[in-house]
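This report concerns only the one structure given below.
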Amino acid sequence: MTTAEHTRVETLRWCADKLEMIDQRILPTRFEYLSYTNADEVAEGIRSMVVRGAPAIGCAAAYGVALQALANQHKDKTVFDAAMQHGYEVLAASRPTAVNLFWALQRMKHSQHAQTGISQAELAVVLLTLAHEICAEDVRINRAMGDFGAALLKDGARVLTHCNAGALATAGHGTALGVIRSAVEVGKKISVFADETRPFLQGARLTAWEMVQENIPVTLITDNMAGHLMKCGEIDAVIVGTDRVAANGDVANKIGTYMVAVLAHRHNIPFYVACPLSTIDMQLPHGDAIPIEERSHDEVTGFGAQRWAPAGVQVRNPAFDVTPAELVTALITERGVIHQPDTAQLKKLMVQN
Ligand code: MRU
């Protein structure tokens with residue numbers, strides 16, 4: 001498959017008045033879409049990781065709101081309003097860390113409240129149109145980040161990534177993997193090292209799958225191999241995505257990202273973060289204020305039906321960590337590259353919004 005063909009593998013798609021999402025829990029063994037008809041179902045899809053990755057979660061939430069309006073459009077106004085309120089609440093409660101979720105819900109709510117004098121059926125169409133636009137815009141943004149980021153990678157670069165910030169984590173193209181795709185599109189020879197990304201294995205299952213589909217050379221490693229490869233001079237750059245960037249440039253991303261950033265710093269390897277503006281949260285002054293999701297112990301004590309830890313063992317499972325801005329070489333945004341991000345630069349960047 002070429003890159004162009006691959007981006008047609010749609011993480012989310014609108015089909016016969018329903019949202020369909022690739023079930024990312026079963027990739028790469030099986031490739032299946034699941035259907036969604038209201039906000040409760042979409043919230044459960046986000047919570048259970050059918051869809052994951054910050055921008056994709058935002059897109060799913062936008063469709064969740066639109067579906068809630070479509071599902072309740074013929075009810076009387078009080079019932080409709082209560083259903084919409086419930087929809088916003090249940091979607092907002094689905095996962096706490098990726099700010100794109102709240103950004104998308106805010107955008108949908110703002111659009112809903114800006115409409116006056118139209119029927120509920122018309123409102124549902126307005127909300128669905130906005131959900132489509134949020135997805136289309138996400139792909140445009142990823143392409144723009146890809147163009148800026150590709151220029152940072154030298155021909156022949158060996159790039160380490162953590163988790164999955166690819167087409168599967170977005171509406172298409174990807175953020176970190178979008179930079180890699182764009183570099184390949186302009187003719188650079190890039191090879192990827194994919195951290196396995198314990199415990200949910202987004203690197204082994206999803207990043208490796210995306211790269212293999214497109215014939216971009218990819219080597220899978222377990223998370224504890226990254227330091228050794230850096231020390232041996234086998235990694236030229238690190239690129240990751242992000243779930244939320246605080247006003248000072250601190251970066252929340254998949255658990256283990258901080259460890260990779262410390263190692264990259266130690267070995268003088270650039271550490272890049274592909275970051276759409278929708279992921280920057282200027283309300284939070286620094287990364288310590290970013291809510292970190294704790295997920296089920298079952299993700300650590302085994303995978304699927306397989307258990308490897310003794311029953312009764314104590315477990316921690318924080319799903320994200322925060323990399324201090326001082327370890328970030330640059331944020332790659334759709335407006336350009338921000339080197340050594342700090343509050344002043346991010347304020348300037350966001351003011352143009
Ligand atoms: O728990 P997940 O799989 O939703 O975590 C995803 C990540 O941490 C990604 O790196 C991040 O959302 C950026 S995706 C473009």
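The values are calculated or read from the model by the stated rules, or taken from the named source; none is laboratory data. All values derive from a computational prediction rather than experimental measurement. A quick note on method: Cβ atoms are made from the backbone with ideal geometry, for glycine too, and the neighbour counts reach across all protein chains shown. Each accessible area value is taken on the protein alone, full model and side chains, heavy atoms only, with ligands, DNA and RNA left out. Shrake-Rupley method; radii C 1.70, N 1.55, O 1.52, S 1.80 Å.
Return one quarter of the surface area of the convex hull spanned by the alpha-carbon atoms of the stretch 226-353, equal to its mean projected area, in nm².
Mean shadow area of the hull around the Cα atoms is 9.5 nm².
Holding the Cα-Cα limit at 31 Å, pick out from Lys77/Lys254; Lys189/Lys347; Lys109/Lys188; Lys189/Lys348; Lys254/Lys347; Lys154/Lys254 the pairs that are longer than that.
Lys77/Lys254; Lys189/Lys347; Lys109/Lys188; Lys189/Lys348
How much accessible area per residue does the chain have, in Å², with a 1.4 Å probe?
On a per-residue basis, the chain sits at 42 Å².
Alpha carbon centre of the stretch 61-106 versus the stretch 169-197: separation in Å?
First find each Cα centre; the distance between them is then 32 Å.
Once you put a point 7 Å from the Cα of Glu294 and another 7 Å from the Cα of His228, both along the Cβ direction, what distance in nm separates them?
3.3
Return the sequence-ordered ³J(HN,Hα) values of the stretch 189-203 in whole Hz as given by the Karplus equation 6.51 cos²θ - 1.76 cosθ + 1.60 applied to θ = phi - 60°, using x for Gly and Pro.
8, 10, 10, 10, 9, 9, 5, 4, 6, 5, x, 8, 6, 4, x
Sorted by packing (mean other beta-carbon atoms within 10 Å per residue), highest first, where do 319-328, 261-270 land?
Highest mean packing first, the order is 319-328, 261-270.
Express the carbon and sulfur contribution to the solvent-accessible surface of the stretch 152-352 as a percent, rounded to the nearest whole number, probe 1.4 angstrom.
54
Enumerate by residue number the trypsin sites (Lys or Arg not before Pro) in the stretch 1-110 meeting two conditions: DSSP loop (anything except H, G, I, E, B), and at most 15 other Cβ atoms within 10 Å of the site's Cβ.
Qualifying residues, ordered by number: Arg8, Arg30, Lys75.
Check each of the chymotrypsin sites (Phe, Trp or Tyr not before Pro) in the stretch 11-85 and keep only those in coil by DSSP with at most 16 other C-beta atoms within 10 angstrom; list them in order.
Listed in order of number, the matching sites are Phe31.
First compute the accessible area of the stretch 3-142 with a 1.4 Å probe, then give the percent of it belonging to carbon and sulfur atoms.
Here carbon and sulfur together make up 55 percent of the probe-accessible area.
Suppose the chain between Lys77 and Asp17 were pulled fully straight at 0.36 nm per residue; how much longer would it get relative to their current alpha carbon spacing?
Residue separation times 0.36 nm, minus the Cα-Cα distance, leaves 19.4 nm.
Let me check I've understood the local charge: for Val90, count other residues with C-beta under 11 angstrom from its C-beta, Lys and Arg +1, Asp and Glu -1. What total comes out?
-3
Out of the DSSP beta bridges found with both residues in the chain, what percent are antiparallel (nearest 5)?
55
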